[in-house]
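All remarks here apply to the structure that follows.
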Amino acid sequence: MDAMTAKFLQQVLLNAASMGGLFQDLDAEALDALIGVAEMAPFDGGTVVFEEGSAGDLMYVVVSGRLEVFRKDALGGEVRLAVLGEGDVFGEIAILEHVRRTASVRAQGPSITLALSRQALAQRPELTLKLYRNIARMLSRRLRLTTDELLSYETQARLRAGGQQALPD
C-alpha cells in the first residue's frame with residue numbers, strides 16, 4: 001500500500017464512526033482491521049463501477065461523492081433505483097450470495113470508495129461476522145423502505161383507478 005492510500009485509509013478510520021452503516025458498533029480494533037483489508041477505489045464521474053449481470057467479489061463503501069444504482073427495464077431503458085452517498089454500501093449481495101450483480105452502479109461525479117473483497121474478508125472471520133451483522137441491518141432497513149414504497153404505490157394506483165374510496169382519516 002502506498003503512502004497516499006495509507007494516509008487516506010487512516011482518515012477514513014477517523015471518520016468511520018460518523019458514517020454509521022457498515023461501521024456501526026465497530027470498536028477501534030475492528031475498524032483498524034477493516035482498514036487493513038480495504039482498498040481505496042476512486043471513480044471519475046460517469047464511470048460504471050460494475051454492470052448488472054457481471055460477476056463480482058467486491059463490495060464498496062462510499063467515502064465521498066455520489067453514485068447511482070440502476071437496472072435496465074424490459075425495453076432497455078435505465079431505471080434509477082437509488083442514489084448513494086457517504087457511508088452507503090453497495091455490491092454486498094455478490095459478497096453474501098456469490099451471485100451475479102443485481103444492478104449497475106455509476107459514479108455521478110468524482111467519488112471515492114473503500115473496496116472490500118470476499119477473499120480479504122474470509123481471512124478475518126471475526127471482522128466478517130461483525131460486518132455481516134451490520135449488512136443484515138442495512139438490508140432489513142432497505143426491505144422495510146421498499147415495502148413501504150410498494151404499499152404506497154399500490155394504494156395510490158387503486159385510488160387513481162377509483163377502485164377504493166379515499167383513505168380514512
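Laid out as a table, the results:
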{"item": "Residue count, region 57-89 (criterion: of a type in the set (A, V, I, L, M, F, W, C), without any contact (Cβ under 8 Å) to a residue 40 or more places away in the chain and touching a strand residue (DSSP E or B) at 6+ places or on another chain (Cβ under 7 Å))", "result": "7"}
{"item": "Subset of region 59-100 that is surrounded by fewer than 20 Cβ atoms within 10 Å (Cβ to Cβ) and within 18 Å of Val37 (Cα to Cα) - its residue that is farthest from the chain's Cα centre (by Cα)", "result": "Leu96"}
{"item": "Identity of the residue in region 18-48, within 17 Å of the chain's Cα centre (by Cα) and over 15 Å from Tyr60 (Cα atoms), that ends up modelled with the lowest pLDDT", "result": "Ser18"}
{"item": "Which numbered condition Val37 fails, given (1) buried (at least 17 other Cβ atoms within 10 Å of the Cβ); (2) within 30 Å of Glu149 (Cβ to Cβ)", "result": "(2)"}
{"item": "Sole residue being surrounded by 15 or more Cβ atoms within 10 Å (Cβ to Cβ) and at pLDDT below 90, chosen from Ala166, Ala120, Ala107, Ala103", "result": "Ala120"}
{"item": "Filter pass, Gly56 being modelled with pLDDT of 90 or more, assigned to a loop (DSSP other than H, G, I, E, B) and surrounded by 15 or more Cβ atoms within 10 Å (Cβ to Cβ)", "result": "yes"}
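The values are calculated or read from the model by the stated rules, or taken from the named source; none is laboratory data. The shown structure was predicted, so the numbers you read here are calculated from the model rather than taken from an experiment. Positions of Cβ are generated from backbone atoms using ideal geometry, with glycine treated the same way; all protein chains shown enter the neighbour counts.
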